[in-house]
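Bear in mind these aren't lab numbers, they're just calculated from the coordinates by the rules spelled out. Computed from a prediction, not measured in an experiment: that's the story for all the values here. Ideal geometry is used to build each Cβ from the backbone, glycine not excepted, and the neighbour counts take in all protein chains shown.
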Amino acid sequence: MKQTEPFKQRKRVSRGFRRTSNLLQTRIRAVGESRGFAVTRLLTHWAEIVGEQTASIARPVDVKYGREGFGATLTLLTTGAQAPMLEMQKEALRERVNACYGHTAISRIRITQTAATGFAEGQAQFAPAPKANAKTVSPETKQAASKAAAPIADQGLRDALAALGENIISKSRH
């Protein structure tokens, strides 16, 4: 008997039925992003959206589409002591987040609580990460940049150009 290619067993892709939500998840995400609903925007601009005071006590953890109708559920993480304060601000927070997106992207807000230190060391720190150390600019550099921007009549533009000049002069010296 002539022997052909070794028998290849077909790998089974899935076992049984798949949930409809799993099948539609990528399509729903694409539709949501086409409407301007990008979760990353909410995470990266959280302090600007809700304000510094609220951002210091809570942070967004998850955004999920619900089964009942249009809109998503935003899950916020906060410490136990701050949860009642945040609970009273839910409607205002929802309006601020939806104003950022321009439509009713978030229909519900769910608040979860954690210990002040979290379950692992430093996990529930709500303060933003410290910014990189800014280099100090010498007085001579500031004076040269101010002198270059002095002829500008508009104060705001003059200050902005002076700051730009400080950056350019300090980088050219290094």
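For ILE111, nonlocal amide neighbours, meaning residues 5 or more places apart or on other chains whose placed amide H falls under 5 Å from its own, are LEU76.
If you take all other residues with their beta carbon under 12 Å from the beta carbon of SER146, and give Lys and Arg +1 and Asp and Glu -1, the sum is 0.
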